[in-house]
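Single-structure report; data block below.
What follows draws every value from the coordinates through simple rules; no lab data is involved. Since we're looking at a predicted model, the values are computed, not measured. Virtual Cβ from ideal backbone geometry, glycine too; neighbours counted across all protein chains shown.
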Amino acid sequence: MEVLNYLLYGFKVAVTPLNLLWMTLGAILGTILGMLPGIGPSTGIALLLPLTFTMNPTTALITMCAIYYGAMFGGSRSSILLNIPGDGAAVASCFDGYPMAKNGQAEAALAISAIASFIGGMLATIAFVFVALPVARFALKFGPPEYFALMVFALAATASISKEQILKGLVALFLGLMISTVGIDLQSGVQRFTFGVPELQTGIDFIVVIIGIYGLGEVFKNFETIHSAGTKPVQTKFGRIWITTEQWRRSILPILRQTPVGFLIGVLPGAGGTIAAMMAYNNEKQLSKEPERFGNGAIEGLAAPEAANNL
């Protein structure tokens, strides 16, 4: 009852007109920044932080949370429509979101990403309210061995996504690990693979990598095929942004199954939405009776990571 009383008091504070206004404005601005490739939630909050200088602490915190959730949601817009993830957590949304857009289902892709984000975020928030104390104790027990095991599992899950081309997946995995080792080692202070270039001491930012791989790759691909015979625009205008009953039936179980995955990974310090989204996508692909549909526009392949990366 004490938890419920605190929860109701929190809602009472949050739904005041001023807080609702800033919550809406923060969500809109966060969504716009999230749609811009390379910005992401952290940078978005940093850019909009001056907005909160004149606010009271409660309103400022509500605004920052709204910006964060808006940016996490907005990152999937560019993933679906341009095949360019807005941030690391939206990478998994490219796998089936962009093929859906190419197949003329951009409206359904945009709708299910919003629905999955809302359901996943709400369920995880409610669960966190009631199990915050045991979850915090569980997270504090994670040490180097547990984090190492989690990272190995996440990397293995990521590589297994391309099981039909396992060699390509392993090469991409080791290439990513090599890029991540560039810079100063945080434990020993030793410079690794900087080749005497001072700018490389801080490492190569993950956003830079995904923009280079997805963004420039998509631009070059379109530049190569833009004059090809028979090439047509993917979609010139949108209809009603919603999903059919069949698409909802395919999506609801992946959303409910992968929300706990994102919740458990999200409470661990440093794990983040990228790992949660990749693991959710891989889990759903393994559970599917038609795994060959994944990567070709399967709506459950979009719903699963979108439900897991908003926590």
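Taken about its Cα centre, the chain carries a charge dipole of about 440 debye when Lys and Arg each add +1 at the Cβ and Asp and Glu each add -1 at the Cβ.
Which entries in Lys141/Lys289; Lys168/Lys285; Lys102/Lys289; Lys141/Lys168 show an alpha-carbon gap greater than 26 Å? Could the numbers behind the result be given before it?
Values: Lys141/Lys289 36 Å; Lys168/Lys285 18 Å; Lys102/Lys289 24 Å; Lys141/Lys168 36 Å.
Violating the 26 Å limit, Cα to Cα: Lys141/Lys289; Lys141/Lys168.
Ordering Ala139, Thr202, Met72 by Cα displacement along the dipole of the chain toward the positive end leaves Met72 in first place; charges were set at the Cβ atoms of Lys, Arg (+1) and Asp, Glu (-1). Full extension of the chain segment joining Ala46 with Thr244 gains 67.4 nm, where the gain is 0.36 nm per residue of separation less the Cα-Cα distance.
Quick one: grab the alpha carbon gyration tensor of the range 1-82, order the square roots of its eigenvalues as a ≥ b ≥ c, and give me rounded if a/c is under 1.5, else prolate or oblate depending on whether a/b is larger than b/c. Prolate is the answer for the range 1-82, as a/c is 1.5 or above and a/b outweighs b/c.
Per DSSP H run of at least 4 residues, take -39500 (n - 2.57); add these up for the chain, divide by its residues and hand me the 222 nm value, nearest 500 deg cm²/dmol.
Helix-only estimate at 222 nm: -22000 deg cm²/dmol.
Among Ser42, Ser251, sorting on how many other beta-carbon atoms sit within 10 Å of each Cβ, with the fewest leading, yields Ser42, Ser251. With neighbour counts taken as other beta-carbon atoms within 10 Å, the residues Arg137, Arg293, Arg77 rank, fewest first, as Arg137, Arg293, Arg77. Averaging the sequence gap over all C-alpha pairs within less than 8 Å and six or more residues apart, then dividing by the number of residues, gives the chain a relative contact order of 24 percent.
Could you line up Val182, Val190 from fewest to most neighbouring Cβ atoms inside 10 Å?
Values: Val182 17, Val190 7.
Ascending number of Cβ neighbours within 10 Å: Val190, Val182.
Span-like helix criteria (full DSSP H runs; alpha carbon extent of at least 15 Å along the helix axis; mean Kyte-Doolittle hydropathy of at least 0.0) are satisfied in the chain by 2-14, 17-35, 57-82, 91-102, 106-140, 144-160, 166-180, 245-266.
Over the range 1-82, Cα pairs under 8 Å with separation of 6+ residues give a relative contact order of 40 percent. For Arg192 and Met151, the FRET efficiency from 1/(1 + (r/R0)^6), where r spans their Cβ atoms and R0 equals 25 Å, is about 0.90.
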